[in-house]
Structure formats: structure tokens, C-alpha cells
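Novice: Below you will find the structure I want to go over with you.
The values are calculated or read from the model by the stated rules, or taken from the named source; none is laboratory data. None of the values given here were measured: they were computed from a predicted structure. A quick note on method: Cβ atoms are made from the backbone with ideal geometry, for glycine too, and the neighbour counts reach across all protein chains shown. The area values use the complete protein model at the heavy-atom level, side chains included, leaving out ligands, DNA and RNA. Shrake-Rupley method; radii C 1.70, N 1.55, O 1.52, S 1.80 Å.
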Amino acid sequence: MKNIILLSFLLIALISIQLKAQITVTFNVDMTGQYIGPGGVHIAGTFASNNSSTILTDWAPAAPGSELTMLADNIYRIKVDFPFASSGQQLMFLFVRDSIWGDGYQDFSEGNPGETFLNSGCGVDDPYGGFNRVIDLPFPNGNFSATFDHCGTLLICPNATSLQTTNITASSAQLNWNAAIGGIEYNIRFRPVGGNWSYVDTSIANSSLTLSSLTPSTKYQWQIKTRCSFGPTVWSSLVKFKTDAQKFAKEIAVTEVSIYPNPATEAATVRFSLQNESAVLIEVLDFTGRTVQTFSFPGELPSGTQYLNINTADFIAGTYIVHIRSEEQSMTSILNISN
């Protein structure tokens, strides 16, 4: 029962997120050479049927929120919002040179029967022998541009692809992606899994970004989106990686080893130097690898030159290996015994 309740809450949350998410389409129309009526330039279409939150009426050039704003060079623009669920739906629309369809003498909309550059390549037949523009609503944002009564182009803000993480160290990682053509910049965010997001913006010309000052042995995740002039994409899927463990450089303890006399008969002295205070173990091995003698010291020896006297009177003549081990590393030397 608890699982059913939890699943219900998750479904409600998902539906709530989708209802709040929106897509925005920017419409641009070049009105150069066109007579524009006193109502200004409007857009009309199946906006209510596609659940637009900007224009709430179908096929109404005088609908609130349907008037375009004039920019430079006779370009008019309007941004229209739709819910997430409308993505992929077919929108039909027309630009209108006034806030009315016609005045009894002329028709102010485009795509009318007769001389028009709207056709089946950029629209669909209307019931009156003309054409309506038609596009599939993009996700999340799109930019539609056209000249009045001519076919137009819908541009969709592209996202980066082939996301991967390389050159991972204890404190850095390189984020990589394939370029998205048509954007202004990339927005990137990253975080330790479960932590707070950090944000970085980078040029659209880049296809990688190196993160630094990361925490060793930590799982991270990152996402990227492209920002276009008419709006951004959604965040990409999460990419995960883990930084390496911190590697500390080993301190060198034993810096010099010498044995004298060598060859030895009754005794030999092992002289070695310590760069820093360290515990030391010295082993004498025969050439088969068998340990003949072991010498250890209580506690740690101070840095500096150290001496160890070895009684070799009972050693069989031959070659021996003197192995000196500190906490950080080890060194070996050869001791020859003669009778």
C-alpha cells in the first residue's frame, strides 16, 4: 500500500513538472512592401487547440496577445508559449496585415486563392482554395522566420551530442561533446552527486571544458544545454564520472647505501643515509633469496648517516644481498664474502 501511495505521489509530481514546463516559438515575418492596416500585424491559427498560454483563441487576428511587435527593417516578431505536452503537435497559422481578416474590398491575410507564394510545400489547403501555414511544434524552443505570403523556415535550437568525460584525475576532468551548430553559447552545470549545482558558460566554438578543483574519490554528474538567440534547449541527460583517489608523492628516506670492506671476511659495515626520520628494517639474503640475518631498530631512526655492523665470520663464502627497507621505499646493495 505504501508503494502504491509513493508511486502516486511520483506520478503527480511528474505531471506537475510537465504542466509547468513550456515551449516557446518565436515568429518573425518580413513585411517589406506590404500595406499594413490600422490594427497592426497579427498572427492567427489553431493556438487555442494547441493549448497556447499566449493566444487563447483559434483563428482570431484580434485575439489578445496575437499582435506582433515591429523591429528594424520591417521585421515583426512575437513569442508564443505552449505547454510541454504540445510538443510535436501540428500548428496551423497565418500572418495578417491587420486585426481583421478583410474589409469587404481586400483580404488582409496571406495564403489566399490566386497569386500567393504559399503552397503545399509550406502549408496545407484551407477550405477556401488557399493555404494555411503548418509546422510541428518543437521542443523546447523554435524560431520561425518568413516573408509575408512566402514559405518560411523553422529553426530548432540544437543540443550537443556524444557527451563523455575524459582525462579524469583526483582533482580535474575534461567534459567533451559534439558541437551544436546554430547556438550562441553552451550552459554547463556540474555537481557532486546529491550536492549543489555549479554553472559554467562557454563559447559555442568549444567542444570541451576542463573542470578543476574537484574533490578526490567523488562521484560527479554534469549536463549541458545550448542557448540560441530565441531560447535554450533543455538540459541534456546526466553524465556521471568519479574522480581518482588522491595520490601522494612518496618521500624518499634511504638516499645512499655502501658496504665496507667488500669483500668482507670477519665483519662488514653497512653505511646508509636517511633523508628523514624513518623506521628501518635490514635483511641479508643469500643469492637464492633465503633470509640469512634480519636487523631491526626500535622506533624510528633519525635523519642522517647510520651504521650497522654485521658479523660475517659464520657466512659461507659467496654473494649476498643487503636489503634496506624504510617506511616509504627500499634499496639494495651487494655484499661479497670471502674466506
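Novice: Show me the strands (runs of 3 or more DSSP E) entirely contained within region 227-308 in which 3 or more residues are under 38 Å from the mean Cα position of the chain (by Cα) and surrounded by 14 or more Cβ atoms within 10 Å (Cβ to Cβ).
Specialist: Per the criteria, 239-242.
Novice: Oh, and also: Name the single residue that is modelled with the lowest pLDDT among those in region 69-98 being within 15 Å of Met31 (Cα to Cα) and among the polar types (S, T, N, Q).
Specialist: Top of the filtered list is Asn74.
Novice: Exactly one of these conditions fails for Asn339: (1) loosely packed, with under 11 Cβ neighbours inside 10 Å; (2) outside any loop (DSSP other than H, G, I, E, B). Give me its number.
Specialist: Looking at each condition in turn, Asn339 falls short on (2).
Novice: Quick check on Ile100: is it β-branched (Val, Ile, Thr) and within 28 Å of Pro64 (Cβ to Cβ)?
Specialist: yes
Novice: Another question about this same structure. I'm checking my understanding of the structure. Among residues of region 15-45 that are open to solvent by 90 Å² or more (accessible area, probe 1.4 Å) and in a helix (DSSP H, G or I), which one is modelled with the highest pLDDT?
Specialist: Ranking the qualifying residues of region 15-45, first place goes to Lys20.
Novice: The conditions are (1) of a type in the set (A, V, I, L, M); (2) free of Cβ contacts under 8 Å to residues at least 12 places away in the same chain; (3) open to solvent by less than 10 Å² (accessible area, probe 1.4 Å), and Ala48 fails exactly one of them. Which is it?
Specialist: If we test Ala48 against (1) of a type in the set (A, V, I, L, M); (2) free of Cβ contacts under 8 Å to residues at least 12 places away in the same chain; (3) open to solvent by less than 10 Å² (accessible area, probe 1.4 Å), just (3) comes out false.
Novice: Could I ask something else about it? Restricting attention to region 101-115, which residues are open to solvent by less than 70 Å² (accessible area, probe 1.4 Å) and in contact with a Gly (Cβ under 7 Å, 6 or more places away or on another chain)?
Specialist: Phe108, Gly111, Asn112, listed by residue number.
Novice: If we only count strands (runs of 3 or more DSSP E) wholly inside region 121-182, which ones have 3 or more residues that are over 30 Å from Asp244 (Cβ atoms)?
Specialist: Of the strands (runs of 3 or more DSSP E) lying wholly inside region 121-182, those with at least 3 residues that are over 30 Å from Asp244 (Cβ atoms) span 123-125, 131-136, 141-147, 152-156.
Novice: Could you tell me whether region 116-138 includes any residue that is touching a Ser or Thr at 6+ places or on another chain (Cβ under 6 Å) and not small (Gly, Ala, Ser)?
Specialist: Yes; the residues of region 116-138 include at least one that is touching a Ser or Thr at 6+ places or on another chain (Cβ under 6 Å) and not small (Gly, Ala, Ser).
Novice: Another question, if that's okay. In this structure, is Ala179 over 21 Å from Asn141 (Cα atoms) and surrounded by 14 or more Cβ atoms within 10 Å (Cβ to Cβ)?
Specialist: No: the conditions fail for Ala179.
Novice: For region 104-120, what are the residues that are assigned to a strand (DSSP E or B) and under 48 Å from the mean Cα position of the chain (by Cα)?
Specialist: Ser109, Phe117
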